[in-house]
Structures are given as structure tokens and as C-alpha cells.
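FYI, it's all coordinate maths here, none of it is from the lab. As the structure is a prediction and not an experimental result, all values here were calculated from the model. Please note: Cβ atoms are built from the backbone with ideal geometry, for glycine as well, and neighbour counts cover all protein chains shown.
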Amino acid sequence: MGEEQKLLHISSSPHIRDNSSVPNIMRDVIIALLPALAAGVYFFGMRALIVTIVAVATSMLTEQIITTKMLKRTSPLGDMSAIVTGLLLAFNLPVSIPLPLVAVGAVFAIGVAKWTFGGLGYNFINPALAGRAFLLSSSMAYMTGAAFRATGTFGKVPVSLSGIPQESAQEIADKTGLAVDAISQATPLAALGSIVEKAHFPVLELQDAFANLFWGNVGGVIGETSVFALLLGGGYLLWRRVIGFGIPLTYIGVTFLLFWIFNGIEGASLLSSAALTIPFYHILSGGLILGAFFMATDMVTCPITLKGQIIFAIGCGVFTFIIRRFGGYPEGVSYSILLMNLLTPLIDRYVRPTVYGTKGGKA
Amino acid sequence: MHIGSPAKPIVKVGDEVRRGELIAEATGFVSSPVFASIPGKVTAISDVDHPLGKKSPAIEITFHGQDEEENSYYMPDLGEWQKLSKEDLLKRVQEAGVVGRGGASFPTHVKLTPPPDKKIDTLIINGAECEPYLTADHRLMLERAEEFLTGTAIVMRILEVSKAYVGIEKNKPDAIRVVQKKIKELNMAGIKVIPLETKYPQGGEKQLIYAITKRVVPSGGLPMDAGAVVQNVGTAHSVYKAVVRGKSLCYRVVTVTGCCVKKPGNYIIPVGVPIREVLEYADTDMASVKKVLLGGPMMGIALASLEAPIIKSTSGILVLSKTTPSIQEHNCINCGACVEACPIHLIPSHLSKYVRKNRFDDAENHNVLDCIECGSCAYSCPSKINLVHDIRLGKNRVIAKRKKEQ
């Protein structure tokens with residue numbers, strides 16, 4: 001052949017790839033979060049959308065500036081991970097948080113938690129949760145308590161912020177002598193803490209709250225309240241095989257189990273309705289569903305093997321139980337996940353699948 | 001060029017050779033003789049491009065244009081093979097230059113002579129053909145069923161086993177039917193067809209052995225450590241040709257296909273034909289050819305030069321018009337797709353990271369040598385990381401280090 005023999009392309013095998021990609025995964029997560037976003041706007045009003053937009057925009061802007069101006073690299077915005085971080089951060093914030101704080105949280109999440117370590121794949125803690133934890137420690141007043149006032153869209157007001165219907169709330173007030181105001185300002189878990197454990201509230205009446213907790217007619221941060229919307233999204237992620245069943249089921253299961261066995265109600269048998277009410281109330285509230293399906297499953301910060309992921313999820317459940325039961329926070333989910341994120345490298349170091357051909361390994 | 005020592009030419013330039021005649025002798029036990037695949041004149045003995053990238057000594061024969069049948073050499077007729085001793089059968093297999101047709105081209109007579117302390121009780125014939133695009137084995141099973149089954153029986157005789165399994169993936173139901181029918185027709189006791197899950201890499205020998213016998217080949221071991229010998233259907237067919245028809249290994253069935261090939265199909269091609277000629281024969285649009293693979297898309301080797309010839313182990317020529325994979329790799333996001341995909345249960349992501357950081361000891365401790373290079377990990381990686389490439393480098397370094405320490 002002549003001198004201009006065309007060169008052939010060479011590479012190592014395999015020479016074909018499937019069509020998975022990082023942008024595709026992120027896109028699926030964004031789609032999965034849309035029902036919860038809609039629920040947040042429905043129950044908390046347009047401001048929920050504004051908080052979300054600020055969070056997402058600031059995340060993207062921060063990432064753009066850090067990468068193109070400071071690190072002089074090509075912009076990674078196309079992988080959409082900044083959008084996901086922005087969404088998840090917003091979902092962890094109360095609707096009335098001042099917008100500048102939202103931006104601060106986003107800058108911390110993207111700038112500190114993600115990019116000081118090298119960007120996507122190098123971060124060792126969940127950036128959105130890190131942003132939330134930063135805001136919680138630095139601006140607690142804006143993140144808790146009175147921040148949970150809510151005026152829903154179309155002028156709707158949630159039945160009561162704890163999920164417990166107003167009539168029962170009044171009865172509680174009469175029975176326990178606690179002011180109605182104090183009760184209706186509490187989020188579900190705060191209500192549980194103050195009412196049940198301190199005032200010997202008839203536990204079964206908590207069941208009135210279940211429907212509200214499930215649909216989202218309760219107080220809380222923007223994304224955590226509608227269990228229904230979150231399950232829709234979680235189901236989508238499972239169907240698209242972005243996440244597996246391991247972490248969500250184990251996390252929720254362990255939390256349920258621990259609160260069932262250690263339900264804190266004196267003298268109730270495990271099979272009694274009262275004893276079962278407590279664990280159900282716990283898994284329906286406090287952002288556990290949001291955490292179990294969307295935050296604990298963040299690929300970068302959870303173990304790479306299935307065995308490791310189960311251990312990780314068990315740890316999350318145990319820490320959630322401990323923090324909720326013994327700690328001061330009605331929360332527990334965010335800190336549990338952050339703590340287990342720290343243990344992930346250790347888990348990955350020691351938990352390995354059994355290699356085929358070695359003791360116990362099979363094809 | 002294959003595992004073992006290369007053959008030594010016994011002809012000189014200018015010699016006339018017949019098809020099937022010996023032109024290079026085996027050197028040593030793990031070696032195989034080479035035969036003229038076309039009748040003609042020896043026109044050169046020099047180094048040519050080898051498909052695997054380096055140069056290799058080769059004997060170039062130019063076709064005479066005369067009738068093939070008259071100018072073919074057959075080995076002496078051995079009579080009914082059932083009456084032969086296993087040593088005679090083995091000798092014929094060796095002299096005919098039969099090597100594995102599955103891709104590794106390991107000299108067959110060596111594989112059929114396991115050390116006496118390894119007890120073999122099972123023969124597995126690999127008709128899985130799990131690589132996408134390749135259909136050469138499929139056609140062989142459909143069109144030459146009786147021949148390869150006879151070859152199977154011969155191998156059973158050599159190994160002195162009474163059980164043989166033909167593994168065929170369920171995506172070839174016609175082949176399963178035809179082979180089962182032939183077995184019944186020919187009354188071949190001891191040979192059984194096993195339909196297999198259509199799942200890559202079902203045709204990998206370790207996976208095949210486990211799927212059929214539930215036995216596990218120990219890490220660092222060979223199929224004989226699990227009491228089994230695995231042969232490709234093409235190899236069984238070549239054994240038949242050598243023993244019953246006196247034909248030395250001169251040609252093979254090759255799947256020629258790909259985007260720019262206008263006449264794709266399974267061709268019977270003499271060993272030694274330059275790839276370029278094969279592609280032109282199959283009416284390929286040479287201008288849009290970007291990448292040519294020898295083998296399938298998962299484990300095939302990308303060719304550097306189209307002047308390289310078809311060799312004994314070439315099962316497919318695949319032409320691609322896109323330069324997959326792209327160069328652009330992203331960071332590992334720890335998604336675990338590679339872990340889920342790996343049939344040996346390794347953690348390819350970790351192995352790749354160790355290799356890129358020159359931590360070859362860590363790679364060795366994490367079983368990098370157990371990788372079968374099937375490509376499932378890199379195929380599923382969303383960040384498009386070239387995992388197999390890294391693992392290959394790791395294996396290379398670990399083996400070199402071990403050799404140095406010996």
C-alpha cells in the first residue's frame with residue numbers, strides 16, 4: 001500500500017462498553033427526586049422551590065468557579081453531580097431558612113466537602129449532608145424549632161406539624177397539661193420525644209399521625225416529609241438499578257428492629273399494638289426514608305461490595321437508633337450516615353468478596 | 001506463535017510444497033508443527049507482522065493456481081480409529097499440529113497428556129461461544145455435528161474417560177437440537193448436551209466447569225485440578241480431521257463481520273492468509289475501517305497491521321467503524337458495577353487503582369493473577385475506566401517479579 005496507509009486504532013480489550021455513564025446515573029437520581037420536590041412545594045409553598053433553586057444554582061456556580069478558574073480544568077458540570085448535591089442539600093433544609101444561608105451551605109458542600117479532596121469520586125463524606133451538618137452546627141436557630149412554620153401551596157396549612165391531628169393535639173394538651181402551642185410547633189420526632197416519653201402519652205394515638213406522615217402532611221425539612229413521594233423515587237432508582245436493595249432495606253430494617261425491641265414503653269409485649277407503633281412512627285419520620293434511599297446509597301461514600309454495604313447500613317441503623325434514643329437530636333439520620341461514611345474506607349479495606357478458586361469461592 | 005516454543009522451518013525458498021505438507025517442525029513437547037495451507041512455492045522466509053503486535057518469523061507461500069485436491073498431502077491412513085491405541089491417537093494429534101481452537105491455541109496433545117497424578121474423569125466440549133458477533137462454532141456444530149462428535153469420542157478414548165459434556169448456550173437452540181439428535185443417531189454413549197445460561201462469560205473454562213460439574217478450579221490451578229479437560233468444539237473437529245481424514249491443521253472457520261463488511265459470514269480460510277485479503281474478499285468498505293479485531297469485541301485483540309495473517313487460533317475478524325473505547329476516562333465513583341460483573345469476584349476498581357499507583361504487591365495480594373480478562377468489568381464501568389488494561393499491566397509486573405525471584 002502507499003505511504004499514507006491509514007493507521008488502525010488500537011486499545012486493550014474490551015472494545016465495547018455498555019451505555020451506563022455518570023451523567024445517566026445523576027439524571028436518574030434527579031428524576032427520582034422530583035416527586036419529593038413536588039411534595040415539598042405542595043406542603044410548604046413556593047419558597048421551597050426557591051430554596052431548591054438557590055441551592056442548585058449556588059452548587060453549580062461554585063463548582064464552575066473552582067474547576068475552571070481555580071483549578072484550570074474543564075468544567076465537570078456536564079456530569080450533573082452538582083445538581084444532585086444542590087437538590088439533596090435543599091431537601092435537608094427547613095423551608096424558612098434564609099437564602100444566604102442556603103448559599104453558604106452549598107458552597108461548603110461543593111467547595112469543602114467535595115473539591116478540597118479532588119472532586120467526584122474523591123470525596124469521603126456525602127457533600128449534601130456535610131453542608132447540612134455545617135449549617136446545623138453554625139446556624140442552629142435557623143435550622144431547627146421555629147423554622148418549621150409552614151404555609152402550604154394554595155394556602156393549605158398542614159394538619160399539624162407533628163402529623164398528629166389537631167383534635168388529638170388538643171386532647172393531648174388537656175391530658176398532659178402541655179400548651180397546645182408547644183406541641184404544634186414540633187416536628188414528628190420532637191413530638192415523640194416530648195409527648196410520649198415525658199408525658200406518658202397514650203402511644204396508640206400516634207397512629208393517627210401515620211397517614212399524615214406517609215403522605216407528607218407534616219412539618220420537617222423540605223424533602224423529608226412525604227414518605228410516599230420518596231418511595232416513588234426510591235422505587236424508580238431500584239428499577240433503574242442505580243441502587244440496590246441492600247442499603248435501603250437493611251438500614252430501614254435495622255432501625256425498625258431496634259426501635260421495636262427497645263420501644264421504651266414499660267410493660268408492653270413486643271406483639272402489642274403499642275410496641276409496634278413506635279418503630280413504625282420512627283421509620284415514617286425524621287427523614288429516614290430520604291436518608292435510606294438517597295443519602296446512604298450515595299455510591300462514592302458507601303462501600304463497593306454488597307457485604308460491605310450491608311455492614312454500612314447496619315451501622316447507620318444502629319447510630320440512628322442511638323442518636324434518636326439517647327442523644328439530644330430528634331434527628332440521627334444525617335449524623336449516622338456521616339459517621340458511617342467515615343468508616344467506609346475501613347470497611348472497603350477488610351471486606352472483600354470470596355475470590356473464585358479460593359476457599360469458599362464459587363463461580 | 002502460541003504458548004510453547006516456536007516451530008522450526010524445514011523448507012527453503014524455492015521449494016514446492018503441497019497443501020497439508022509439513023513446512024516447520026515442532027521443537028520440544030510444548031510446541032506444534034506448521035503446515036502449508038495452500039499448494040505453491042515458498043517465496044520467502046522472513047519476519048512478518050504478527051497479529052499480536054510483534055514481528056514473527058513466517059514462511060510465505062505463493063499460490064500456484066493449480067488444483068488443490070491433486071496437490072494436497074494427506075497423512076497415512078490409520079484405519080478404524082476405535083482399533084488404535086491411545087498412544088497412536090495422541091501421536092497423530094501431535095503430528096497433525098492440532099492446537100486449541102478456542103483462542104489460546106494451546107497444543108492439544110499437551111492438554112491431552114495430563115500428569116499422572118491428576119485424575120481426569122470429565123471431558124467438556126466448549127460450544128458456548130459466548131462472545132458477541134462470533135458464530136463460527138455455532139455453524140460448526142450445525143453443519144459438522146457428526147465430525148466433531150466423532151472427534152469428541154476420540155478424545156474420550158485418549159483421556160480414558162467415559163463422560164463428556166457438550167456445553168451449548170441456550171441462544172443456540174438449533175445447535176442444541178441438532179447435536180442431541182446426532183448423539184442419539186450415532187448411539188454415542190457417554191456424550192451429553194448441556195444447555196447453558198446465555199450469560200457472558202459462560203464460555204470461560206472456569207465458568208464452564210462450574211456450570212456443568214459444580215466443581216471449582218483452585219486459584220492458580222488448571223482445569224485438570226478439578227478433574228476436567230476442556231476443549232473447544234473446533235478442536236474436537238480438528239482431532240477428527242487429523243485421525244480419520246489424515247488432514248493436518250491448515251485452515252479454520254472464521255466469522256468475518258462488522259459494520260463495513262458487505263458480505264459477512266463464516267468463512268473457511270486457510271491459515272496464513274493476510275487479514276487484508278480476507279476483508280477484501282468479504283467486500284469490506286476499507287475507507288471506513290477504524291479498528292479491526294481478531295476475535296470478539298470483549299476479548300479480541302486490536303490489530304495494528306492488516307498484513308498480519310490468519311493464525312491457527314483466529315476465530316473471528318470484527319471490523320469496527322468507531323474507535324471504541326473513547327480516551328476520556330472519568331473518576332471512579334465507587335459504584336461497584338465492576339464488582340457485580342466480575343465472574344471471579346475480584347474488585348477490579350481497587351486492582352486498577354493499585355496498578356496506577358505502582359502498588360503491584362497489593363495487586364498481587366488482591367488476586368490480580370486470578371483475573372480471566374473477560375472484560376465484563378470495563379464493559380460495565382460508567383466512568384469508562386480501562387480496567388482490563390490496568391489489570392493486564394499488573395499481572396505482567398507480578399509475573400515478572402515472580403520470575404526474577406526464582
- What is the Cα radius of gyration of region B:88-211 over 2.2 N^0.38 Å, N being its residue count? 1.03
- Sequence of B:K119, B:K291 once ranked by neighbouring C-beta atoms within 10 Å, starting from the fewest: B:K119, B:K291
- Projected area, mean over directions - chain B, Cα convex hull, nm²: 20.8 nm²
- Query: Over region B:267-353, with a single point scatterer placed on each C-alpha, what log10 of the ratio I(q)/I(0) does the Debye formula yield at q = 0.12, 0.15 1/Å?
  - Reply: -0.53, -0.71
- Cα pair distances exceeding 15 angstrom across region A:13-113, given as percent: 63 percent
- Message: Counting only other residues whose beta carbon sits under 9 Å from that of B:K163, what net charge do I get with K and R as +1, D and E as -1?
- Response: 0
- Using only C-alpha atoms and all pairs of different ones, pull out the Kirkwood radius for region A:235-313 in Å with one decimal. 13.5 Å
- Determine, from the Cβ-Cβ distance of A:A141 and A:L342 and an R0 of 25 Å, the FRET efficiency 1/(1 + (r/R0)^6), rounded to the nearest 0.05. 0.35
- Using a cut-off of 26 Å between alpha-carbon atoms, which lysines can reach B:K404, once sequence neighbours fewer than 8 places away in the same chain are excluded? B:K54, B:K55, B:K353, B:K357, B:K395
- Computed over all unlike Cα pairs, the Kirkwood hydrodynamic radius of region B:135-191 in Å stands at 11.6 Å
- Query: Taking 0.36 nm per intervening residue step and subtracting the Cα-Cα distance, what contour gain separates B:K214 from B:E146 on full extension?
  - Reply: 21.7 nm
- Message: Can you tell me which of B:V34, B:V273, B:V230 moves the most in a GNM of chain B? Springs connect C-alpha atoms under 10 Å apart.
- Response: B:V273
- Could you give the dipole magnitude of region A:8-132 about its Cα centre, charging the beta-carbon of Lys and Arg +1 and that of Asp and Glu -1, in debye to the nearest 20? 240 debye
- Does region B:178-334 come out rounded, prolate or oblate, given a ≥ b ≥ c as the square roots of the eigenvalues of its C-alpha gyration tensor, rounded meaning a/c under 1.5 and, failing that, prolate meaning a/b above b/c? oblate
- Item | Relative contact order computed over region B:173-288 (Cα-Cα under 8 Å; 6+ residues apart), in percent | 12 percent
- Query: Could you give the dipole magnitude of the protein assembly as shown about its Cα centre, charging the beta-carbon of Lys and Arg +1 and that of Asp and Glu -1, in debye to the nearest 20?
  - Reply: 920 debye
- Task: Count charges around A:E63 for me, please; just the other residues with Cβ under 15 Å from its Cβ, Lys/Arg as +1, Asp/Glu as -1.
- Result: +3
- Only Lys, Arg, Asp and Glu count, each charged at its Cβ (+1, +1, -1, -1), so figure out the dipole size of chain B about its Cα centre, rounded to 20 debye. 980 debye
- Item | Helical mean residue ellipticity (222 nm; -39500 (n - 2.57) per DSSP H run of 4+; nearest 500) of the protein assembly as shown | -12000 deg cm²/dmol
- Sort region B:292-406 into rounded, prolate or oblate with this rule: let a ≥ b ≥ c be the square roots of the eigenvalues of the Cα gyration tensor; rounded if a/c is under 1.5, and if a/c is not under 1.5, prolate when a/b is larger than b/c, oblate otherwise. oblate
- Message: Students often get this wrong, so check it: of A:K362/B:K163; B:K41/B:K312; A:K307/B:K192, which have C-alpha atoms separated by over 26 Å?
- Response: A:K307/B:K192
- In a shell of Cβ-Cβ distance under 9 Å around B:C130, excluding B:C130 itself, what net charge do Lys and Arg (+1) and Asp and Glu (-1) give? -2
- Message: I'd like to know which of B:I120, B:L140, B:S105 lies farthest towards the positive end of the charge dipole of region B:53-148, counting +1 on Cβ of Lys and Arg and -1 on Cβ of Asp and Glu.
- Response: B:I120
- Note on the structure: Expressed to one decimal in nm², the mean projection of the alpha carbon convex hull of region B:1-147 is 11.6 nm²
- D for region A:223-363, whole µm²/s, Stokes-Einstein with Kirkwood Rh over alpha-carbon pairs at 37 °C and 0.692 mPa s: what number? 206 µm²/s
- Message: Sorted from largest to smallest, which semi-axis lengths in Å does the alpha carbon gyration tensor of region B:165-233 give for its equivalent ellipsoid, taking the root of 5 times each eigenvalue?
- Response: 24, 15, 8
- Task: On each of the three principal axes of the Cα atoms of the protein assembly as shown, give max minus min coordinate, whole Å, ordered largest first.
- Result: 111, 61, 51
